[in-house]
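Data block below; observations after.
Each reported figure results from applying straightforward, stated rules to the coordinates on display, with no laboratory input. Bear in mind that the values here come from a model prediction, so they are computed numbers and not experimental data. Here Cβ is always computed from backbone atoms with ideal geometry, including for glycine, and neighbour counts include all displayed protein chains.
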Amino acid sequence: MVFALAMLGLTGCQSGPTGELATVEVAQGSSENISSLTAVISRNPNDPEAYNVRGSAYGRGGKYRDALKDFNKAIELNPNFYQAYANRALIERFLGDQEAALSDYNRAIQINPNYDAAYIGRGNLYRKMGRTQQAFNDFQKAIQLDTTDPRAYHNRGLIYQAQGQHAFAIEDFSTAISLAPDSAEPYNGRGLSYLAMNDEDNAFADFNMAIKLNGRVAESWANQALIYERRGDKARAAKSYAHALQLDPNYTPAKEGLARTRG
């Protein structure tokens, strides 16, 4: 499963990280909020936390270059600001500089070996780089640190799922759901593992819940359609596949599913 850039989350303060599964308030990246944060910096030009907070707001608003500048400044003012390193790493990931991101995650962990957000961020980077075992180890470490960030469980669940260990995957997705009950992604993940175990009823319930939580995700509709198709209801399957294609015209499972069920 793919995390949309719209789900980008950053650590705005030192008290606790948010993550890629966290619901981000778009208003935090609004021009009004940026202006107020800029005023704070004008009054406190040597406060690294002020730059970190504004950088987080820029990141939430999709202004990644501006965010990068602010995190650079925060680190310049405080070379041990481990949250700013992790925040900068996330921006570097979205800008495509994976090596720089890895270096920053490593630095954040070096400064604070108990910083769960850095392990989760680095683990997700490793997973997307195909370094699955290292990714698993990082998610495992965050969980051992008693993280309450659902990404650790969700992403470890994705690894279990890819390895065919669906019982473990379901357990992790369920934990992610308990930590982020309004997020559609872990419902889709758990539903796919239920389906792999031929538990259609629970899979269908999870896919429907994913749609209820966020009806704008093509994967959820295609997953729902797959259950209809398996049950022989081609008309409803075709309708859901078609809806998935309206949301994402390039979503291959929906294209293939509609071709199978149309007419």
task = Just check region 129-190 against the gyration tensor rule for me: Cα atoms, a ≥ b ≥ c as the square roots of the eigenvalues, rounded for a/c under 1.5, and otherwise prolate or oblate depending on whether a/b exceeds b/c.
result = oblate
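What is the gain in length, in nm to one decimal, between ALA167 and ALA259 on full extension, counting 0.36 nm per residue of separation less the C-alpha to C-alpha distance?
Full extension from ALA167 to ALA259 adds 29.9 nm.
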task = Would you mind checking region 64-107 for residues with the amide N under 15 Å from a putative spin-label position 7 Å along Cα→C-beta of ASN46?
result = 74, 76-79
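For the chain, what is the relative contact order in percent, using Cα pairs closer than 8 Å and at least 6 residues apart in sequence?
10
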As computed over the chain, the Cα convex hull volume per residue (Å³) = 122
message = For region 144-211 and region 239-262, what is the centre-to-centre distance using only Cα atoms, to the nearest Å?
response = 23
